[in-house]
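Worksheet: the structure to be examined is printed underneath.
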There are 2 protein chains.
Amino acid sequence: MTRRKVSNPLALAVLSLLRERPMHPYEMSRTLRQRNKEGSIRLNYGSLYSVVDKLMTHGLIESQETVREGQRPERTIYRATPAGQAEFEDWLAELLSTPVKEYTQFEAGLSLLPGLPPDEVANLLERRCEHLEETLAASDAVLGPGGADLPRLYWIEWDYVRAHLETDLAWTRRLVRDIRDGSLEGIGEWRRFHTTDADSDARLTSGENPAPEGDPASQTPRPPRKANARKAT
Amino acid sequence: MTRRKVSNPLALAVLSLLRERPMHPYEMSRTLRQRNKEGSIRLNYGSLYSVVDKLMTHGLIESQETVREGQRPERTIYRATPAGQAEFEDWLAELLSTPVKEYTQFEAGLSLLPGLPPDEVANLLERRCEHLEETLAASDAVLGPGGADLPRLYWIEWDYVRAHLETDLAWTRRLVRDIRDGSLEGIGEWRRFHTTDADSDARLTSGENPAPEGDPASQTPRPPRKANARKAT
DNA sequence: ACTCGAATACTCTACGTCGAGTATTCGAGT
DNA sequence: ACTCGAATACTCGACGTAGAGTATTCGAGT
């Protein structure tokens, strides 16, 4: 059990909307889209309807009425209960005050980085830099003189994401440089493993067994496949 | 279908390990833990075994033998196939070269920020700053003179995470300041909605409808519960 | 000789999520 | 009067994941 009865952040957005005024689910999705919360809160129908259900069963929202306009399918209109109000405030407070560790794809990639040869990695990271530059440029275009420029309060999430994008870009550039000019600590060993013999990178991804510098590869206890390792595929 | 046959990054770690040498699942988990990849790749048994299964059925790994030592349960030892090798390289290359948008809890929180009154938000964010400081200090302690200090290559993920933590802290501090000294654009409206009348923040979370300044709260179309909203909890 | 906790080595299931699919209706154009 | 695409308003099932639970075994201590 994940502490909250409903843990998907989408539920928080739903509560937020229902604090404003009663709505039916489809309107919630439309509204979130219009206010481009989609950029910061994952939204899809499956999750939306199941989240609304769960909020109901836990008494955080209640159905106010069921109406049908014209020949459209029926729609159930929900409103927040006092418990729902409280949950919203408590949950939002938690999100704002308490950082949680989140796993990113790139982090996973970095931690296995020695699995590819240094020069290739440098090229790949350079591609990453290009992508990041494009994304930054695009976000400039959206928030700049072109689009509606609202006060900062209303695009505060974008600002946050932007700051991280910039850090990411700067950090990645530095890493590329450090690989290219050979100043990255440990690169000697890394390069050796990818040139001297086929493609053994045993324990190179490790971080265990500091390997006291000097004493080549003698202690690596790996007999198996090696000569024909690269020829395949 | 998510492009890759197996999409959990844990599978990438498994392939990485099996490139080094054949192993059984439990040993994989032990090894990942020892090398503290747990910090960057989510690891739990359920996922591990199901990921290994899927890798098998897709021909990316194969079972080499099944052994039993002493009275311990049987263990199946797996090794990577050539297809698995290729998948590893391709996947890792993608992770390193192509940034993907990931949704964070905090971002979600930020985007709903006007749901709480400015002063409370400032306090909450300050708490966040304290947490971030602690985390940074802790990571210093681990990587600093105390722990084993390996070459940078081996804690590159940590370095990356650290950079983002620092950005996060700086950014959050700035925001707190801007709220406190009232220099955040839009804070007037925000504050007004939380003081003039109870706790209406209608369309304040929006970013739609710029609201041409002047024309108090006349247009807010919300009658419901209001006086007793804050007294609860 | 016995205890008790840590480590070994998984299994199982409830739960959440994703997103393609469906069926209808409205409105702009010809 | 008709067409055709966009919007409305959801449903459904396959899939992935979390993590508590289970059962055993080893080793340190008394």
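The values are calculated or read from the model by the stated rules, or taken from the named source; none is laboratory data. What you see is a predicted model; the values in this text were computed from it and never measured. Cβ: placed from backbone, ideal geometry, glycine included. Neighbour counts: every protein chain shown.
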*Any residue in segment B:51-61 that is near DNA strand D (Cβ under 10 Å from one of its atoms), away from every other protein chain (no Cβ under 14 Å), buried (at least 20 other Cβ atoms within 10 Å of the Cβ) and in a helix (DSSP H, G or I)?*
no
*asked:* So, A:R162, is that one in contact with a Ser or Thr (Cβ under 8 Å, 6 or more places away or on another chain), among the basic types (K, R) and more than 9 Å from chain B (Cβ to nearest Cβ) or not?
replied: yes
*Looking at this structure, is A:V67 within 11 Å of DNA strand D (Cβ to nearest atom), hydrophobic (A, V, I, L, M, F, W, C), more than 13 Å from chain B (Cβ to nearest Cβ) and surrounded by fewer than 16 Cβ atoms within 10 Å (Cβ to Cβ)?*
yes
_If the requirement is being in a helix (DSSP H, G or I), more than 7 Å from chain B (Cβ to nearest Cβ) and at negative phi, which of these qualifies: A:D149, A:D168?_
A:D168
*asked:* Of everything in segment A:1-40, what is more than 16 Å from DNA strand C (Cβ to nearest atom) and either more than 10 Å from chain B (Cβ to nearest Cβ) or of a type in the set (S, T, Y) (or both)? Give them in sequence order.
replied: A:S16, A:L18, A:M23, A:T31
_Filtered residue count, segment A:67-89, keeping only those that are touching a Pro at 6+ places or on another chain (Cβ under 9 Å) and at pLDDT 85 or above_ = 5
_Out of the residues in segment A:6-24 meeting the condition of being within 14 Å of DNA strand D (Cβ to nearest atom) and in a loop (DSSP other than H, G, I, E, B), tell me which one is nearest to A:P82 (Cα to Cα)._
A:P22
*Can B:N209 be described as among the polar types (S, T, N, Q) and modelled with pLDDT under 90?*
yes
*Unmet requirement for A:N44, which otherwise passes all of (1) more than 8 Å from chain B (Cβ to nearest Cβ); (2) touching a helix residue (DSSP H, G or I) at 6+ places or on another chain (Cβ under 7 Å)*: (2)
_Which residue is nearest to the other protein chains (Cβ to nearest Cβ), if the candidates are limited to segment A:95-122 and must be in a helix (DSSP H, G or I) and surrounded by fewer than 16 Cβ atoms within 10 Å (Cβ to Cβ)?_
A:E120
_Failed criterion for B:P82 (all others in (1) under 30 Å from B:R162 (Cα atoms); (2) within 13 Å of another protein chain (Cβ to nearest Cβ); (3) without any contact (Cβ under 8 Å) to a residue 24 or more places away in the chain hold)_ = (1)
